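Single-structure report; data block below.
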Amino acid sequence: MIDFGSAEGSFWTESQLYQVAYGFAPDVPMPEVYFPVQASEWGSLVRYARDTYGRTLTIVGVLTTGLGIDNPARALSDILGAISGI
């Protein structure tokens with residue numbers, strides 16, 4: 001199952017976001033990144049998974065349509081930047 005959504009903390013708790021993105025095997029997260037802030041939200045979730053569960057959350061790719069600010073290359077660059085060093 002692929003989680004292809006956002007990681008907005010205003011709707012879900014970090015625990016719920018983690019469970020949906022990676023808690024139900026064989027889940028894999030593939031974030032939608034239309035704007036740089038969405039990559040940052042996913043970066044926060046990756047950090048939460050590491051700090052809370054000691055798990056490395058692997059992002060398998062990003063989805064975008066280019067309707068926002070991010071085109072596909074920039075969306076990938078944004079997510080890589082958000083998770084680098086985590």
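The values are calculated or read from the model by the stated rules, or taken from the named source; none is laboratory data. Quantities reported herein were computed from a predicted structural model and do not represent experimental measurements. For neighbour counting, all protein chains shown are included, and Cβ atoms are generated from backbone atoms with ideal geometry for every residue, glycine included. In case anyone asks, the SASA skips ligands and DNA or RNA and just uses the protein heavy atoms, side chains included. Shrake-Rupley method; radii C 1.70, N 1.55, O 1.52, S 1.80 Å.
A compact table of results
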{"quantity": "Cα centroid separation, region 1-36 to region 37-86 (Å)", "calculated": "10 Å"}
{"quantity": "Using θ = phi - 60° and Karplus 6.51 cos²θ - 1.76 cosθ + 1.60, couplings along region 22-30 (whole Hz; Gly, Pro as x)", "calculated": "8, x, 10, 4, x, 3, 9, x, 9"}
{"quantity": "Burial order of peptide ranges 19-27, 75-83 (average beta-carbon count within 10 Å, highest first)", "calculated": "75-83, 19-27"}
{"quantity": "Cα-based helix-to-principal-axis angle, 72-83 vs the chain, degrees rounded to 10", "calculated": "40 degrees"}
{"quantity": "T13 accessible area, assembled protein chains, probe 1.4 Å, Å²", "calculated": "70 Å²"}
{"quantity": "Helix-only mean residue ellipticity at 222 nm for the chain, each DSSP H run of n ≥ 4 adding -39500 (n - 2.57), per residue, nearest 500", "calculated": "-10000 deg cm²/dmol"}
{"quantity": "Most to least packed among 35-44, 55-64 [average Cβ atoms within 10 Å]", "calculated": "35-44, 55-64"}
{"quantity": "Label of the coordinate-derived value, semi-axes √(5λ) of the Cα gyration tensor in Å, listed as [x] 26, 20, 9; [y] 20, 13, 12; [z] 31, 17, 12", "calculated": "[y]"}
{"quantity": "Y53, Y34, reordered so the largest accessible area comes first (probe 1.4 Å)", "calculated": "Y53, Y34"}
{"quantity": "Sequence-separation-based contact order of the chain, relative, with Cα cut under 8 Å and 6+ spacing, percent", "calculated": "31 percent"}
{"quantity": "Whole-Hz couplings from phi, Karplus 6.51/-1.76/1.60, listed for region 38-51; x for Gly and Pro", "calculated": "5, 5, 4, 4, 5, x, 5, 5, 4, 5, 4, 4, 5, 6"}
